[in-house]
1. Please enumerate the residues belonging to segment 282-292 that are outside any loop (DSSP other than H, G, I, E, B) and touching a residue at least 24 places away in the same chain (Cβ under 8 Å).
2. Determine if segment 256-270 includes at least one residue that is of a type outside the set (D, E), part of a loop (DSSP other than H, G, I, E, B) and exposed (fewer than 14 other Cβ atoms within 10 Å of the Cβ).
3. Could you check segment 105-120 and list, in sequence order, the residues that are in contact with a Leu (Cβ under 8 Å, 6 or more places away or on another chain) and not hydrophobic (A, V, I, L, M, F, W, C)?
4. Within segment 58-65, is there a residue that is within 13 Å of S133 (Cα to Cα) and at pLDDT below 95?
5. Taking segment 236-253 on its own, how many of its residues are more than 12 Å from the ligand (Cβ to nearest atom) and among the β-branched types (V, I, T)?
6. Output the residue which, of all residues in segment 263-280 that are of a type in the set (D, E, K, R) and either closer than 20 Å to L165 by Cβ or under 20 Å from the mean Cα position of the chain (by Cα) (or both), is nearest to the ligand (Cβ to nearest atom).
7. Given the options L183, L216, name the one that is touching a Gly at 6+ places or on another chain (Cβ under 9 Å) and open to solvent by less than 20 Å² (accessible area, probe 1.4 Å).
8. Return yes when E151 is of a type in the set (D, E), surrounded by 17 or more Cβ atoms within 10 Å (Cβ to Cβ), at pLDDT 95 or above and not in a loop (DSSP other than H, G, I, E, B) and no when it is not.
Amino acid sequence: MVTKVLIAGKNGMVGSALVRLYDSFSNFEVLSPARGELDLLDRNLVFEYLSKNKPDLVVDAAARVGGIVDNNSYPVDFLSINLQIQTNLMDAAAKAGVKNFVFLGSSCIYPKFAPQPLKEEYLLSGPLEETNSAYAIAKIAGLRLIQAYREQYGYSWISTMPTNLYGPNDNFDFNSSHVIPGLIAKFHKAKIEKQNKVTLWGTGSALREFLHVDDLARAIKFTSEKYNDHEFINIGSGEEVSIKQLAELVRQVVGFEGEIKWDSSYPDGTPQKLLDSSKILKLGWKPEIALKTGLVSTYAWYLENATVR
Ligand code: GFB
């Protein structure tokens, strides 16, 4: 029996990893419309597409995402666009009778000072991190809408809560990217231009957990088949580093030999956001790509594919 899976957001880092994974299984038919074919902000089009194609599973990997400075600069985009995309997809999927739906949260939506490691029940237990509160509220609304569809219509739809992600097909733009692609691009430019220093944001003391996007794709397929609960489920690697340690790792991988400076006029954001992933680990999933290995392969992808500045 072939399962039809719709991957929304196929050109993004998560969406493209999901397409890579599901394409490798002969018992899945992958629908991965690009924005030109299915504009997720056009509610009527989304309803038409879902009722015409009737997928068995929808994974919403489409969102307006970005690093700390991007979030801080465009709160309207992060709130309005994400609310529209997720609501259009879920409402259209419900109308089309889609059996399974996986929504993605993000570890940055936990309270700024919640106890670590973060358990699922800590969500909404305290004030949000200001730099990305618009994105957080949009994502929290999406988690709640999944639960509402379970309560009101009995759907077995679920939400996952990934930690900070990195990998191929990420956004490597200096200003709008997340930290790993940002550092890869900055160290690489400094290396080829023989600069003697690179200035990074904040103090470097923030702690972050990182998961390779191919590990996340496997976790999403795993939970869509093995997990069916009202509560969302954390997906983390358990591998945590300070941004200073990360900068050292990326510097070695890229081969930059100059100095690293820190500009504390930029925000550090949440001091720490390590997930407690014991629930998914108990179910039998585990991460397979160690950070150093993932950094090496991501830099190789960058050299092959990303337009080098
Ligand atoms: O990955 P990042 O932008 O987002 O920043 P968050 C992580 C940490 O790296 C922060 C520091 O403490 C940054 O100050 N950093 C140092 C840098 N140099 C750089 C640099 O050149 N670029 C970037 N981007 N950071 C995001 C949320 O928070 O987490 C998003 O804003 C999203 O909404 C994401 O959910 C997962 O990890 O701080």
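1. L283, L291, K292
2. Within segment 256-270, one or more residues are of a type outside the set (D, E), part of a loop (DSSP other than H, G, I, E, B) and exposed (fewer than 14 other Cβ atoms within 10 Å of the Cβ).
3. Answer for segment 105-120, where residues must be in contact with a Leu (Cβ under 8 Å, 6 or more places away or on another chain) and not hydrophobic (A, V, I, L, M, F, W, C): G105, S107, Y110, P111, K112, Q116, P117.
4. yes
5. Qualifying residue count for the region: 1.
6. The qualifying residue nearest to the ligand (Cβ to nearest atom) is D268.
7. Working: L183 fails: touching a Gly at 6+ places or on another chain (Cβ under 9 Å).
Criteria check complete, one pass: L216.
8. no
The values are calculated or read from the model by the stated rules, or taken from the named source; none is laboratory data. Keep in mind that this is a model prediction, so the values were computed, not measured. Quick reminder, even Gly has a Cβ in these numbers, built from the backbone with ideal geometry, and neighbours come from all protein chains shown. To get the accessible areas, we keep the full protein, side chains included, count just its heavy atoms, and leave off ligands, DNA and RNA. Shrake-Rupley method; radii C 1.70, N 1.55, O 1.52, S 1.80 Å.
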